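The values are calculated or read from the model by the stated rules, or taken from the named source; none is laboratory data. Since the model is a prediction, treat every value here as computed from it, not as a measurement. Every residue, glycine among them, receives a Cβ derived from its backbone with ideal geometry; neighbour counts consider all protein chains shown.
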Amino acid sequence: MKTILLISPYWKEEHRWMVSSYKLAELWQRLGYNIVVVCMGSSTRIEKVSDTLTIHFRKDFFLKDPLNFGISFGFAGYVRRVIRDMKPDLVICNKVLFWSSFSTILLRLRGIKVLLLTDALVGITWFPRGVIPGIIMRIGAWTMGWLVLKSADRIVFFHPQPEAILKRLGIEKKSQVIPTGIDVAPYGGAASHQPPAGGQRPEAGSCVITYIGRLESVKGVDDFVAAAVPLKKDFPKLTVQVVGWYRDGHELVEEFGDDVHFTGLRDDIPDILANSDIFVLPSYSEGLSNALMEAMASGCACVATDVGGNAFLIQNGVSGLLFPAGDREALKAHLRRLMNDPAKRRDMGKAVRERIEQMFSWGVVGKKYADLFAELIDKNS
């Protein structure tokens with residue numbers, strides 16, 4: 001069995017959760033690979049999850065929102081020692097401009113080839129909210145981030161990036177696009193949102209609107225609750241829920257706790273989405289959102305900001321609705337339109353499920369990764 005060493009900022013640990021790494025490792029195991037992960041975390045330890053998955057955690061110092069950046073001194077050296085001892089067939093680094101990605105530079109100097117994966121170019125096409133964090137990310141992007149990109153042997157973006165930026169960075173010839181994709185099996189699709197045979201159709205105002213993700217500033221959850229809550233005056237049967245981790249005493253929970261159901265972390269996402277009519281992703285910056293793909297696979301009518309990979313996933317007006325980041329009135333108008341038209345919600349849910357199955361299902365995406373890995377391993381052997 002071939003072994004992949006995956007360098008990731010985080011794994012699955014409270015709010016420090018790198019979903020794309022977690023999902024891709026699952027896909028690659030299905031393709032027949034043994035996965036060893038080196039990432040940062042709250043403590044230094046090694047966890048053998050299964051015969052094909054081992055996680056090496058290195059303790060970090062975490063800078064909280066809006067930076068959300070961990071620092072782990074000695075991380076690159078540890079990665080180098082793991083590679084020396086294990087001799088993996090392929091080394092992959094997920095994400096740019098995290099501390100973990102800086103190890104790519106050291107590995108390049110040691111003659112080790114690294115496949116770099118990322119859903120966004122932090123500080124170039126993806127920015128945190130706030131002037132000072134944005135300036136810090138811009139500086140980092142064109143210094144350390146650029147060195148990471150140049151050090152990578154190949155680069156896979158999860159969604160298309162502007163061609164002009166790729167040329168300016170000098171990486172256009174070694175870049176390609178392969179999405180993370182999603183296993184559609186756990187999600188019911190549009191059928192789960194259809195009225196029962198012979199049953200009554202739901203009332204126009206009976207609706208569940210859901211956001212899934214962390215309560216971080218860049219996610220724009222403040223825009224979501226500010227746009228959705230006032231609609232409860234006209235739609236008394238409207239339920240607004242926020243699913244995901246949040247810190248104790250979060251200001252949004254304090255302000256909107258009476259009108260919004262804040263669930264905290266949940267492990268029954270397919271069930272939550274099956275009982276949701278509309279999914280909202282209000283991010284100010286986004287890569288290729290796993291939460292949005294899950295909602296699409298569930299057949300939810302999806303409303304998302306026109307940023308990052310959202311427009312790659314959603315065909316505006318056909319399989320979902322897009323709006324400018326921060327435009328609460330546009331978001332409110334989209335929500336009102338969908339709440340007034342259950343048939344429109346179901347049509348969009350059907351269209352978005354079909355799009356996921358055709359372009360982003362693991363059956364489609366898995367073949368692309370299998371072909372790429374076979375090519376790289378053969379090249380490196």
Single residue of Lys64, Lys23, Lys59, Lys48 found to be surrounded by fewer than 20 Cβ atoms within 10 Å (Cβ to Cβ) and under 18 Å from the mean Cα position of the chain (by Cα): Lys23
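Every residue, every condition in (1) modelled with pLDDT of 95 or more; (2) outside any helix (DSSP H, G or I); (3) within 30 Å of Gln176 (Cα to Cα), yes or no:
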| site | (1), (2), (3) |
| --- | --- |
| Leu335 | yes, no, no |
| Ala343 | no, no, no |
| Val365 | yes, no, yes |
| Asp371 | yes, no, yes |
| Glu375 | yes, no, yes |
| Lys379 | no, no, yes |
Those residues that are surrounded by 14 or more Cβ atoms within 10 Å (Cβ to Cβ), out of contact with any Gly (no Cβ under 8 Å at 6 or more places or on another chain) and touching a residue at least 24 places away in the same chain (Cβ under 8 Å), I need them from segment 328-345; list them, please. Arg328, Leu331, Lys332, His334, Leu335, Arg336, Leu338, Asn340, Asp341, Pro342, Lys344, Arg345
Matching residues, segment 133-173, being hydroxyl-bearing (Ser, Thr, Tyr) and farther than 19 Å from Ser8 by Cα: Thr143
Hey, can you tell me all the residues within segment 106-150 that are more than 23 Å from the chain's Cα centre (by Cα) and crowded, with 21+ Cβ neighbours inside 10 Å? Leu107
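Matching residues to (1) farther than 22 Å from Ser298 by Cβ; (2) at pLDDT below 95; (3) out of contact with any Phe, Trp or Tyr (no Cβ under 7 Å at 6 or more places or on another chain); (4) not aliphatic (A, V, I, L, M):
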position	(1), (2), (3), (4)
His193	no, yes, yes, yes
Glu203	no, yes, yes, yes
Cys207	no, yes, no, yes
Ile212	no, no, yes, no
Being crowded, with 22+ Cβ neighbours inside 10 Å, within 21 Å of Arg345 (Cα to Cα) and in contact with a Gly (Cβ under 7 Å, 6 or more places away or on another chain) is the filter here, so list the residues in segment 205-250 that pass it. Ile212
Counted residues, segment 316-327 - those being surrounded by 18 or more Cβ atoms within 10 Å (Cβ to Cβ), of a type outside the set (Ser, Thr, Tyr) and farther than 20 Å from Val122 by Cβ: 4
Could you please tell me which pairs satisfy a Cβ distance under 8 Å, a separation of 6+ or placement on different chains, a first residue in segment 78-93 that is outside the structural domain of Leu106 (by TED's automatic domain parsing) and among the basic types (Lys, Arg), and a second residue that is modelled with pLDDT under 95 and surrounded by 19 or more Cβ atoms within 10 Å (Cβ to Cβ)? none
So, in segment 125-159, how many residues would count as being free of Cβ contacts under 8 Å to residues at least 60 places away in the same chain, of a type outside the set (Lys, Arg) and not in a loop (DSSP other than H, G, I, E, B)? 19
Out of the residues in segment 160-176 that are in contact (Cβ under 8 Å) with a residue 40 or more places away in the chain and in a loop (DSSP other than H, G, I, E, B), state the one that is farthest from Trp146 (Cα to Cα). Pro160
